[in-house]
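The values are calculated or read from the model by the stated rules, or taken from the named source; none is laboratory data. All of these numbers come straight from a predicted model, not from anything done at the bench. Please note: Cβ atoms are built from the backbone with ideal geometry, for glycine as well, and neighbour counts cover all protein chains shown. Just so you know, the surface numbers come from the protein's heavy atoms only, side chains and all, with ligands and any DNA or RNA stripped out. Shrake-Rupley method; radii C 1.70, N 1.55, O 1.52, S 1.80 Å.
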Amino acid sequence: MTHSKRPDWPHSVSQALVTPIQPSVVYRAGSPDDLDAQYDGQTQGFTYAREGHPNAVALAQMIDRLEEAQGGIVTGSGMAAVSAVLMGCLSRGDHVIGGDQLYGRSLRLLQQDLPRLGIDTSLADSTDVEAIRAALRPETRMILIEIVSNPTLRLADFQGLVTLAREAGVLLVVDNTFTTPLAVKPLTMGADIVIHSVTKLMAGHSDATLGYVAAKDPAIATQINDLAVTMGLTASPFDCWLAERGLLSFNLRFERAQANARALADSLAELPGMKRVIYPGRPDHPDHNRAAQLLGENPGNLVSFEIEGGRDQANALVRACPQIAFAPTLGDVATTLSHAASSSHRALSPQARADIGITEGFFRISVGIEPVEQLQQGFADAVAAARA
Ligand SMILES: *Cc1c(COP(=O)(O)O)cnc(C)c1O
């Protein structure tokens, strides 16, 4: 049986610079009394990885600092974080309002899963505080928004919604994935709960699937954490470790990607055959003033654009830029291109897509950190190929 005895960790008087990965599922306690003390919160310690582990806590603390939050938790995906908030805070008979351009799976959760559990939902345009107000009911408990919508990059009336949520006594929840705490720190501006898909810009390398959630009210934070632990929405230690490494360069990646996005948006707008370019940092953006006020110098790394034509032109464009990954995600170090009609918005009818301005010629770019000239040339060639 000696082969199954675990070795002792080699001793070193000097300390490792890097955070270790701790994959242990379980932790040994000294005695039943010691364990009791731990469960009662008199002593601090881990017991079982689903309940919490060092790599998740270390990562959560890093994101807490960025968001100016306290006691945030890391979950196994962004959707685990969204689910933990909705299911941890709402009960049968409650009503929740979601922005009508939320992330696709969040919409699905609101429209299909919550109603099955007796929680009523409404969707409304979060750029228009009156539309959200009109959806309020006496039993409304929560408003869930994203500040920048996908893929049309419209800006929610965040300040207006903070006021509305306070007046109505409902929780305001912000999925801050697109904007990141470098542009907006929702909890400091009046939101009650902030959510992230850490998978995207924060981890930044498309190799870890993770989420994060923090609530201002400790009682609500406990409800969310309990639900996450019970349902097993826990993150993997290795993914947390990868995300920690990614976060160390988050500022630099974001600054570079955003500078690239700004320059790329301007050059796209000059191309023949370009119908429109959507970038919150451009004066021709429909919510430019709100973007300037809310995002300041940080309009982000997402740029959407629309070319003339249908699916044939869209195929030609993608095929003409093989060096840019055509992949339905965002926030990678490298630039990725996505096409709403065939991915995020494929479930909608062409008419429903047209109603929100999404045609076959509509693309979203998640701009990465490559040399910007390379991106500008790549897209110039691709847009030209779609016209040929
Ligand atoms: C990707 C994404 C999610 C879901 O995150 P996962 O980590 O993929 O589960 C939620 N909200 C937004 C805005 C996203 O972009």
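Figures for the structure shown
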quantity	calculated
All positions within region 70-107 that are over 16 Å from Ser197 (Cα atoms), open to solvent by 40 Å² or more (accessible area, probe 1.4 Å) and modelled with pLDDT of 95 or more	Gln70, Gly71, Met87, Ser91, Arg92, Gly93
Matching residues, region 111-129, being in contact with a Leu (Cβ under 9 Å, 6 or more places away or on another chain) and either open to solvent by 10 Å² or more (accessible area, probe 1.4 Å) or of a type in the set (Val, Ile, Thr) (or both)	Gln111, Asp113, Leu117, Ile119, Asp120, Thr121, Ser122, Leu123, Ser126, Thr127, Val129
Matching option when the condition is aliphatic (A, V, I, L, M) and either open to solvent by 10 Å² or more (accessible area, probe 1.4 Å) or without any contact (Cβ under 8 Å) to a residue 40 or more places away in the chain (or both), among Ala257, Ala320	Ala320
Output for region 84-106, where each listed residue is more than 10 Å from the ligand (Cβ to nearest atom) and hydrophobic (A, V, I, L, M, F, W, C)	Ala84, Val85, Leu86, Met87, Cys89, Leu90, Val96, Ile97
Residue in region 37-53 that is in contact with a strand residue (DSSP E or B) (Cβ under 6 Å, 6 or more places away or on another chain), among the aliphatic types (A, V, I, L, M) and either more than 27 Å from Ala243 (Cβ to Cβ) or open to solvent by 70 Å² or more (accessible area, probe 1.4 Å) (or both) present	no
Residue within region 362-369 that is within 21 Å of the chain's Cα centre (by Cα), open to solvent by 10 Å² or more (accessible area, probe 1.4 Å) and in contact (Cβ under 8 Å) with a residue 12 or more places away in the chain present	yes
Count - residues of region 201-244 that are buried (at least 22 other Cβ atoms within 10 Å of the Cβ) and within 12 Å of the ligand (Cβ to nearest atom)	12
Residue in region 176-186 that is at pLDDT 95 or above, open to solvent by 20 Å² or more (accessible area, probe 1.4 Å) and under 18 Å from Val96 (Cα atoms) present	no
Restricting region 41-83 to residues that are assigned to a helix (DSSP H, G or I) and in contact with a Ser or Thr (Cβ under 6 Å, 6 or more places away or on another chain), the residue that is nearest to the ligand (Cβ to nearest atom)	Gly78
Subset of region 260-278 that is part of a loop (DSSP other than H, G, I, E, B) and out of contact with any Phe, Trp or Tyr (no Cβ under 9 Å at 6 or more places or on another chain) - its residue that is surrounded by the most Cβ atoms within 10 Å (Cβ to Cβ)	Gly273
Any hit, region 181-196, residues being of a type outside the set (D, E, K, R), assigned to a loop (DSSP other than H, G, I, E, B), touching a residue at least 60 places away in the same chain (Cβ under 8 Å) and within 16 Å of the ligand (Cβ to nearest atom)	yes
Counted residues, region 1-15 - those being aliphatic (A, V, I, L, M) and either touching a strand residue (DSSP E or B) at 6+ places or on another chain (Cβ under 7 Å) or modelled with pLDDT under 95 (or both)	1
Restricting region 331-344 to residues that are crowded, with 16+ Cβ neighbours inside 10 Å and closer than 15 Å to Glu306 by Cα, the residue that is nearest to the ligand (Cβ to nearest atom)	Ser338
